[in-house]
1. Using mean Cβ contacts within 10 Å as the protection proxy, how do 97-107, 37-47 order, highest first?
2. Can you check what the Kirkwood hydrodynamic radius comes to for region 55-96, Cα pairs only, in Å to one decimal?
3. Multiplying the sequence separation of V108 and T90 by 0.36 nm and subtracting their Cα-Cα distance, what value in nm do you get?
4. Using a 1.4 angstrom probe on heavy atoms only, work out the carbon and sulfur share of the accessible area of region 76-142 in %.
5. Quick check on packing: order 62-72, 86-96, 121-131 by the mean number of other C-beta atoms within 10 Å, highest mean leading.
6. In nm, to one decimal, how far is the modelled label at S121 from the one at L48, with both set 7 Å along Cα→Cβ?
7. Would you mind working out the accessible area per residue for region 54-122, using a 1.4 Å probe, and quoting it in Å²?
8. Between M59 and A36, what is the label-point separation in nm under the 7 Å Cα-to-beta-carbon projection?
Amino acid sequence: MLKNPNNSCNFARNLFIQNALYPILLMKPLKNLEIASLWLLRIGIVFLFIAMYGKTISMWAFDNFRWIINMVYLFSSFSLFIGGFLKKSTVTIVSGLIIAAISIYQIVPIVADGNIAIFESSLFQYIVMAGLGMLFAAVGNK
């Protein structure tokens, strides 16, 4: 019989921490998921840009600057996807830089207007696209 009942609680707690929580606290990054996550991001960007700018394709308005920007977005997303199949990462890096640059170009008028709603979805959409573009420009075809 135990003399101090707190010792059994401490033992159980220490055993739980060592066996259950300790490996979680020292968890290493899952490097095997990096490639799959980059491919999911590539596929997601292509489908997102098709959903956002797919109707723009049918208009064929070369005189409209907004149409040209949207087409460059679409072309960059497709080349980002295709760049993943190539050995050299030049296409992926250039596509990522173009996506980031156009996204920042889209952010500037929203911020410069000064009437930014706190949760304006178009602002955050372009911020995420700029971040993804910079990510692919930084990592290439890992």
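1. The most tightly packed comes first, giving 97-107, 37-47.
2. By the Kirkwood definition, the hydrodynamic radius is 11.1 Å.
3. Full-extension gain reported as 3.8 nm.
4. Of all accessible area on region 76-142, carbon and sulfur atoms account for 74 percent.
5. 86-96, 121-131, 62-72
6. Roughly 1.3 nm, to one decimal.
7. Each residue of region 54-122 exposes 65 Å² on average to a 1.4 Å probe.
8. Between A36 and M59, the label points sit 3.9 nm apart.
The values are calculated or read from the model by the stated rules, or taken from the named source; none is laboratory data. Not measured: the values here are computed from a predicted model. Counting neighbours? That spans all protein chains shown, and the Cβs are built from the backbone with ideal geometry, glycine included. All accessible areas refer to the heavy atoms of the entire protein, side chains included, with ligands and DNA or RNA removed. Shrake-Rupley method; radii C 1.70, N 1.55, O 1.52, S 1.80 Å.
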